[in-house]
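> I have a structure here, written as structure tokens, and I will follow up with some questions on it.
Each reported figure results from applying straightforward, stated rules to the coordinates on display, with no laboratory input. Note that the coordinates shown come from a computational prediction; the quantities given were computed from them, not determined experimentally. Here the Cβ is made from the backbone with ideal geometry for all residues, glycine too, and neighbour counts use every protein chain on show.
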Amino acid sequence: MGRKLGQHFLNSIEVAKFIVDSAELTGKETILEIGPGKGIITELLAKKAKKVITVEKDTALKPYLANLPENVEIIWGDIFDTEFPKVDRIVSNLPFYISSKLIFSLPPIKTVLGLQKEFAEKMVAKPGTSNYGRLSVSSQIKFHVEFLKSFPPSVFNPPPRVWLSIVKLSPNKWEEWKRAEDFIRRVFPYPNKKADNALKLAGYEPQGIEKRTRELTPDEVIELSKRLCP
């Protein structure tokens, strides 16, 4: 994580256990982990899951991942160039620099993620608040998002300048999200404009809405997308 690939590594077994425990595994699941780093979470997952598939871009980490349990499969490559494998859960302390792109790419399965605190706060932000925007409404339509806990920079080596937050995602209104995806992308670049003005800028007919774009609830966004994107 950080500006350079692999710059900050999780070194807290407490945090690793919290992330794995939050996934509520039964021992029957196949897990996808993205960005295992030096494998602190991978080893715990291997003890609790049937199989772990972990995807790592940085081949310099091969020595740290060389002696993982037999139920761990390592895919060396970029997650965005890799077809998502068929799994039951995603459990990852994500490299912060891929968080935004990955959230919009996640499949509809139960997921536990470690994210930069400010990013996680945007995912759970309420309509009308300064943090509420495209990420918020998209996340909350796709998933039921639970903000679980935050940890200080000291849980990494070397410590970054940001806190770590853990979120749990459960699939929500996935079909509505697929319909609303393009609508959200076109309208939410204008969070502070009146919603009708944002609709016009996005190429839609005004709907007589007085509130600003960032005040639209996820359910209102769904209804607008149904009305305007049949």
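> Under 17 Å from a label point 7 Å along Cα→Cβ of Lys17: give me every residue in the stretch 29-49 with its amide N that close.
In the stretch 29-49, the label zone of Lys17 (backbone N under 17 Å from the point 7 Å along Cα→Cβ) covers 40-49.
> A follow-up question, please. Mind listing the phi-derived Karplus ³J(HN,Hα) values for the stretch 53-65, rounded to whole Hz, using 6.51, -1.76 and 1.60 with θ = phi - 60°, and x for any glycine or proline?
Each residue of the stretch 53-65 in turn: 10, 10, 10, 9, 7, 8, 5, 5, 8, 3, x, 6, 10 Hz.
> Still on this structure: Counting pairs of Cα atoms in the stretch 116-230, how many percent are more than 24 Å apart?
32
> Here's a follow-up. Can you give the helix-only mean residue ellipticity at 222 nm for the chain, where every DSSP H stretch with n ≥ 4 adds -39500 (n - 2.57) and the sum goes over all residues, rounded to the nearest 500 deg cm²/dmol?
-9000 deg cm²/dmol
> Right, another one. Antiparallel as a % of all DSSP beta bridges within the chain, to the nearest 5?
If I count the DSSP bridges inside the chain, around 50 percent turn out antiparallel.
> What does the C-alpha gyration tensor say about the overall shape of the stretch 177-228? Classify as rounded when a/c is under 1.5, otherwise prolate if a/b is larger than b/c, or oblate.
rounded
> Right, here's the next one. What list of ³J(HN,Hα) values in whole Hz, one per residue of the stretch 28-36 in order, does the Karplus curve 6.51 cos²θ - 1.76 cosθ + 1.60 (θ = phi - 60°) give from phi, with Gly and Pro shown as x?
Values, residue by residue: 9, 8, 9, 10, 9, 10, 10, x, x Hz.
> What is the projected area of the convex hull of the Cα atoms of the chain, averaged over all directions, in nm²?
12.7
> Return the sequence-ordered ³J(HN,Hα) values of the stretch 185-193 in whole Hz as given by the Karplus equation 6.51 cos²θ - 1.76 cosθ + 1.60 applied to θ = phi - 60°, using x for Gly and Pro.
For the stretch 185-193, the Karplus curve yields 4, 7, 8, 7, x, 10, x, 9, 7 Hz.
> So, one more: Among Lys57/Lys200; Lys149/Lys194; Lys57/Lys168; Lys28/Lys126, which pairs are too far apart, with a Cα-Cα distance over 32 Å?
Long pairs (Cα-Cα over 32 Å): Lys57/Lys200; Lys149/Lys194; Lys28/Lys126.
> Can you tell me the FRET efficiency between Arg179 and Asp81 if r is taken as the Cβ-Cβ distance and R0 is 30 Å, rounded to the nearest 0.05?
0.65
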